[in-house]
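The block underneath contains the structure these notes are about, expressed in structure tokens.
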Amino acid sequence: MRYVARLVGSTVPVFLESMIPEPGAGKIPITLIHGGAHTGACFHATADGSPGWAHAFVAAGHPVHILDWPGSGRSGPAPLDFDGQALCRCLGEVLQEIGEPSVLLTHSMSGAYGWRLLESHGHLVERLVAIAPAPPGNIQPEPEVIAESASRVTVLGAVLKITIPLDRPFLPPRQFVLEKLLGASVRFPRETLDAYVASLQPLLPRLLYERQNVRGSQLRIRDFTQFAGKEILVVTGAYDTDHPRHLDSATVDWLAQCGARPEFWFLPERGLSGNGHMLMLEDNALDIAALVLEWLSDGSARLNRNIEK
């Protein structure tokens with residue numbers, strides 16, 4: 001395997017690392033985009049330190065590209081008012097740097113960025129895998145505003161209540177981690193909780209504000225040209241507190257209405273139970289990666305059959 005790391009982009013440099021399998025593998029690249037308060041490290045190893053999704057995908061012959069969000073990890077710092085549109089411009093520069101169509105795999109908050117990237121850079125998105133994805137502003141309801149001041153706003157979303165700072169980054173407190181990131185999961189190794197909490201990154205306030213769709217601020221899609229016929233897989237665990245089945249199912253319905261070809265995999269129906277929100281960190285992470293690889297392989301077979309016709 002060949003490993004390459006570099007900074008990409010002119011606005012806020014984005015740290016991009018590429019893991020290239022031995023020549024001759026010839027499989028489609030996979031670009032991994034982490035969720036809020038994390039970095040690309042979540043794809044390298046599970047919570048207990050076992051090899052993670054990136055290594056499973058490379059071992060299967062896929063070149064893998066992993067990035068850190070602008071303002072997170074090894075990427076350059078971003079201003080306090082940095083928003084989703086600015087973040088997507090930076091991610092678009094990453095896709096242009098990669099330079100060839102890849103499977104885009106998003107998680108959680110980056111789900112909304114995946115829909116935007118499909119809109120803006122669809123020619124560089126071969127397929128899309130969305131793990132417990134944030135819905136677009138097109139269908140996400142506005143939360144109830146419980147309290148608001150010049151420095152913070154507290155909202156009640158579809159499942160959880162959250163206080164969003166407006167004047168500083170949000171560092172997830174332990175209770176947020178337990179309620180939102182772990183939830184009712186029985187697959188996350190609880191003995192690693194302290195190390196996991198310590199690894200989390202400050203989240204810029206505007207990004208969290210938009211994720212909750214306060215005042216209708218979540219990114220919306222307006223041009224659906226690139227959605228037509230695009231194969232999209234949405235994956236949800238049974239014990240994901242913030243992503244009950246009906247919410248992610250509604251996103252799949254919206255994708256179909258936009259002309260895409262979505263599939264919804266609720267993990268218990270695929271033989272995997274007990275999973276929460278952080279699927280790539282849980283103790284059966286490699287089983288989930290194998291399902292994703294199976295979907296990619298089936299899609300490649302369909303593509304080859306269509307070419308032969």
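The values are calculated or read from the model by the stated rules, or taken from the named source; none is laboratory data. Note that this is a predicted model, so its numbers are computed, not measured. Glycine gets a Cβ as well: all are built from the backbone with ideal geometry, and neighbour counts include every protein chain shown.
Yes or no, residue by residue, for (1) under 17 Å from the mean Cα position of the chain (by Cα); (2) crowded, with 22+ Cβ neighbours inside 10 Å:
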{"position": "189", "(1), (2)": "no, no"}
{"position": "193", "(1), (2)": "no, no"}
{"position": "196", "(1), (2)": "no, no"}
{"position": "215", "(1), (2)": "no, no"}
{"position": "227", "(1), (2)": "no, yes"}
{"position": "234", "(1), (2)": "yes, yes"}
{"position": "273", "(1), (2)": "no, no"}
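Any residue at all in the stretch 215-222 that's touching a strand residue (DSSP E or B) at 6+ places or on another chain (Cβ under 9 Å) and touching a residue at least 12 places away in the same chain (Cβ under 8 Å)?
So in the stretch 215-222, the residues touching a strand residue (DSSP E or B) at 6+ places or on another chain (Cβ under 9 Å) come out as 215.
Remaining after also requiring touching a residue at least 12 places away in the same chain (Cβ under 8 Å): 215.
Among the residues of the stretch 215-222, at least one is touching a strand residue (DSSP E or B) at 6+ places or on another chain (Cβ under 9 Å) and touching a residue at least 12 places away in the same chain (Cβ under 8 Å), which makes the answer yes.
So in the stretch 120-147, with the set limited to residues that are touching a Leu at 6+ places or on another chain (Cβ under 9 Å) and acidic (Asp, Glu), which one is nearest to residue 282 (Cα to Cα)?
126
Collect the residues in the stretch 42-68 that are β-branched (Val, Ile, Thr) and either outside any strand (DSSP E or B) or more than 15 Å from residue 129 (Cβ to Cβ) (or both), keeping them in residue-number order.
So the first thing to find is which residues in the stretch 42-68 are β-branched (Val, Ile, Thr), and the list is 46, 58, 64, 66.
Once the filter is applied, which keeps residues that are β-branched (Val, Ile, Thr) and either outside any strand (DSSP E or B) or more than 15 Å from residue 129 (Cβ to Cβ) (or both), the stretch 42-68 yields 46, 58.
Could you grab the pairs with beta carbons closer than 6 Å, sequence gap of 6+ or different chains, first residue in the stretch 68-85 and more than 18 Å from residue 6 (Cβ to Cβ), second one modelled with pLDDT of 95 or more and not in a loop (DSSP other than H, G, I, E, B)?
If the second residue must be modelled with pLDDT of 95 or more and not in a loop (DSSP other than H, G, I, E, B), the pairs left are 81/206; 83/206; 84/210.
Which of the residues spanning the stretch 236-248 are within 15 Å of the chain's Cα centre (by Cα) and either farther than 27 Å from residue 169 by Cα or surrounded by fewer than 20 Cβ atoms within 10 Å (Cβ to Cβ) (or both)?
Our first condition is that a residue be within 15 Å of the chain's Cα centre (by Cα); within the stretch 236-248, this holds for 236-237, 240, 242-243, 248.
Answer for the stretch 236-248, where residues must be within 15 Å of the chain's Cα centre (by Cα) and either farther than 27 Å from residue 169 by Cα or surrounded by fewer than 20 Cβ atoms within 10 Å (Cβ to Cβ) (or both): 236, 237, 242, 248.
From the list 181, 193, which residue is hydrophobic (A, V, I, L, M, F, W, C), in a helix (DSSP H, G or I), within 19 Å of residue 240 (Cβ to Cβ) and in contact with a His (Cβ under 9 Å, 6 or more places away or on another chain)?
Working: 193 fails: in contact with a His (Cβ under 9 Å, 6 or more places away or on another chain).
Exactly one of 181, 193 is hydrophobic (A, V, I, L, M, F, W, C), in a helix (DSSP H, G or I), within 19 Å of residue 240 (Cβ to Cβ) and in contact with a His (Cβ under 9 Å, 6 or more places away or on another chain), namely 181.
For the condition more than 15 Å from the chain's Cα centre (by Cα) and either within 14 Å of residue 36 (Cβ to Cβ) or of a type in the set (Gly, Ala, Ser) (or both), what is the one hit in 130, 112, 158, 134? If you could, list the steps in order and put the result at the bottom.
On the way: 130 fails: more than 15 Å from the chain's Cα centre (by Cα); 112 fails: more than 15 Å from the chain's Cα centre (by Cα); 134 fails: more than 15 Å from the chain's Cα centre (by Cα).
The unique qualifying residue is 158.
Quick check on my filter: what residues within the stretch 86-125 are surrounded by 21 or more Cβ atoms within 10 Å (Cβ to Cβ), under 18 Å from residue 64 (Cβ atoms) and of a type in the set (Gly, Ala, Ser)?
Listed by number, the residues that qualify are 102, 110, 114.
Being touching a residue at least 24 places away in the same chain (Cβ under 8 Å) and either in a strand (DSSP E or B) or over 22 Å from the mean Cα position of the chain (by Cα) (or both) is the filter; apply it to the stretch 161-178 and report the residue that is nearest to residue 201 (Cα to Cα). Before you say what the answer is, go through the steps one by one.
Taking the stretch 161-178 as the starting set, the residues that turn out to be touching a residue at least 24 places away in the same chain (Cβ under 8 Å) are 162, 164-172.
Filter once more, so that each one left must be either in a strand (DSSP E or B) or over 22 Å from the mean Cα position of the chain (by Cα) (or both): 162, 164-168, 170.
Working: 162: 17, 164: 15, 165: 15, 166: 17, 167: 16, 168: 13, 170: 9 Å.
Top of the filtered list is 170.
Restricting to strands (runs of 3 or more DSSP E) lying wholly in the stretch 1-41: which have 1 or more residues that are surrounded by fewer than 20 Cβ atoms within 10 Å (Cβ to Cβ)?
Numbers: elements: 2-8, 14-20, 30-33.
Hits in the stretch 1-41: 2-8, 14-20.
Okay, residues lined up against (1) of a type outside the set (S, T, N, Q); (2) in a loop (DSSP other than H, G, I, E, B); (3) touching an Asp or Glu at 6+ places or on another chain (Cβ under 6 Å); (4) touching a residue at least 24 places away in the same chain (Cβ under 8 Å):
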site: 93; (1), (2), (3), (4): yes, no, no, yes
site: 100; (1), (2), (3), (4): yes, yes, no, yes
site: 103; (1), (2), (3), (4): yes, no, yes, yes
site: 106; (1), (2), (3), (4): no, no, no, yes
site: 112; (1), (2), (3), (4): yes, no, no, yes
site: 116; (1), (2), (3), (4): yes, no, no, yes
site: 136; (1), (2), (3), (4): yes, yes, no, yes
site: 154; (1), (2), (3), (4): no, no, no, no
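From (1) free of Cβ contacts under 8 Å to residues at least 24 places away in the same chain; (2) buried (at least 17 other Cβ atoms within 10 Å of the Cβ); (3) touching a strand residue (DSSP E or B) at 6+ places or on another chain (Cβ under 7 Å), pick out the condition that doesn't hold for residue 44.
(3)
So for the stretch 262-284 (the condition being under 25 Å from residue 121 (Cα atoms), assigned to a helix (DSSP H, G or I) and at pLDDT 95 or above), does at least one residue qualify?
no
Give all pairs with beta carbons closer than 9 Å in which a residue from the stretch 235-250 that is in contact (Cβ under 8 Å) with a residue 12 or more places away in the chain meets a residue that is of a type in the set (S, T, N, Q) and in a helix (DSSP H, G or I); count only pairs at least 6 apart in sequence or on separate chains.
Here the result reads 236/249, each pair linking the stretch 235-250 to a residue that is of a type in the set (S, T, N, Q) and in a helix (DSSP H, G or I).
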